[in-house]
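Q: I have a structure I would like to understand better, so I am pasting it below and will then ask my questions one at a time.
The values are calculated or read from the model by the stated rules, or taken from the named source; none is laboratory data. All values derive from a computational prediction rather than experimental measurement. No Cβ is skipped: glycine too gets one built from the backbone with ideal geometry, and neighbour counts run over all protein chains shown.
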């Protein structure tokens, strides 16, 4: 059984369940561990949601609108991505995770969408705690992308899918070697991937919230299949 390392955050259960429900084994990893210890015996890495990334990591001064910055977590997860990439471990990055992935690989972030973008739609949808799967907007998925391949049955010859949305930051400058695989109608980047990697996908929404209903199960199945291949190497 493939072992998936999941970075700790405040709302872990849906991430755990999304992996368990596709047959994976879960290992929680956190900044108290060394990067080597965190990744030893892990077949795939999942980066979870959380607060804002410190802008010094991508060469910018902080916006006054930054929230919940965790410097220790930033340092740990950026180093974690670097090492996971060296090992070519399958990597699925969610919400804050896509931002960490992009910055770790040389990209930058929009620090606050409403104040930096002209006419953006609502990306930080406030929903009751028992409705984390409320749809916020559609995304446009790029054909011939890993994301499109994984979601082909749900897309059903279309190029849009509805997602939930709880973020005020997003990818700005895409890291070298990565490509954009989905955008919101206002142009905000919703997914990136590295075509050269065994499996490296970042999504800005929260697919783990749908583990009960299965709308985004193919993302986790594809990730786990890649992790199983890593385990078999």
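Q: Of the residues that sit in region 184-196 and are surrounded by fewer than 18 Cβ atoms within 10 Å (Cβ to Cβ) and touching a residue at least 40 places away in the same chain (Cβ under 8 Å), which one is nearest to residue 59 (Cα to Cα)?
A: 187
Q: Might you check whether a residue that is buried (at least 22 other Cβ atoms within 10 Å of the Cβ) and free of Cβ contacts under 8 Å to residues at least 60 places away in the same chain occurs anywhere in region 30-39?
A: Checked region 30-39: at least one residue is buried (at least 22 other Cβ atoms within 10 Å of the Cβ) and free of Cβ contacts under 8 Å to residues at least 60 places away in the same chain.
Q: Does residue 120 satisfy being at pLDDT below 90, in contact with a helix residue (DSSP H, G or I) (Cβ under 9 Å, 6 or more places away or on another chain) and within 23 Å of residue 51 (Cβ to Cβ)?
A: yes
Q: Go through (1) touching a residue at least 12 places away in the same chain (Cβ under 8 Å); (2) under 27 Å from residue 217 (Cα atoms) one by one and return the number of the condition residue 65 breaks.
A: Looking at each condition in turn, residue 65 falls short on (2).
Q: Right, here's the next one. I'm checking my understanding of the structure. Among residues of region 192-226 that are assigned to a loop (DSSP other than H, G, I, E, B) and under 22 Å from residue 108 (Cβ atoms), which one is farthest from the chain's Cα centre (by Cα)?
A: Going through the qualifying residues, I end up with 196.
Q: Moving to a separate point now. Name every residue in region 1-16 that is farther than 23 Å from residue 70 by Cβ and surrounded by 16 or more Cβ atoms within 10 Å (Cβ to Cβ), in order of residue number.
A: 2, 3
Q: I would also like to ask the following. Say whether the condition of being under 14 Å from the mean Cα position of the chain (by Cα), touching a residue at least 60 places away in the same chain (Cβ under 8 Å) and crowded, with 22+ Cβ neighbours inside 10 Å is met by at least one residue in region 150-163.
A: Looking for residues that are under 14 Å from the mean Cα position of the chain (by Cα), touching a residue at least 60 places away in the same chain (Cβ under 8 Å) and crowded, with 22+ Cβ neighbours inside 10 Å, one finds none in region 150-163, hence no.
Q: A further question on this structure: Can you name the condition, by its number, that residue 144 falls short on among (1) at pLDDT 95 or above; (2) under 15 Å from residue 182 (Cβ atoms); (3) not in a strand (DSSP E or B)?
A: That leaves (1) as the condition not met.
Q: Could you please give the count of residues in region 162-172 that are more than 15 Å from residue 113 (Cβ to Cβ) and either assigned to a loop (DSSP other than H, G, I, E, B) or touching a helix residue (DSSP H, G or I) at 6+ places or on another chain (Cβ under 6 Å) (or both)?
A: The qualifying residues number 1.
Q: Only one of these is under 16 Å from residue 29 (Cα atoms), at pLDDT 95 or above and out of contact with any strand residue (DSSP E or B) (no Cβ under 7 Å at 6 or more places or on another chain): 78, 91. Name it.
A: 78
Q: Residue 50: within 18 Å of the chain's Cα centre (by Cα) and crowded, with 24+ Cβ neighbours inside 10 Å, yes or no?
A: So residue 50 does not fit the description; no.
Q: Within region 82-102, can you find the residues that are over 19 Å from residue 222 (Cβ atoms) and buried (at least 24 other Cβ atoms within 10 Å of the Cβ)?
A: 96, 99, 100, 102
Q: Is it true that some residue in region 82-98 is closer than 12 Å to residue 202 by Cα, part of a helix (DSSP H, G or I) and touching a helix residue (DSSP H, G or I) at 6+ places or on another chain (Cβ under 9 Å)?
A: Yes, some residue in region 82-98 is closer than 12 Å to residue 202 by Cα, part of a helix (DSSP H, G or I) and touching a helix residue (DSSP H, G or I) at 6+ places or on another chain (Cβ under 9 Å).
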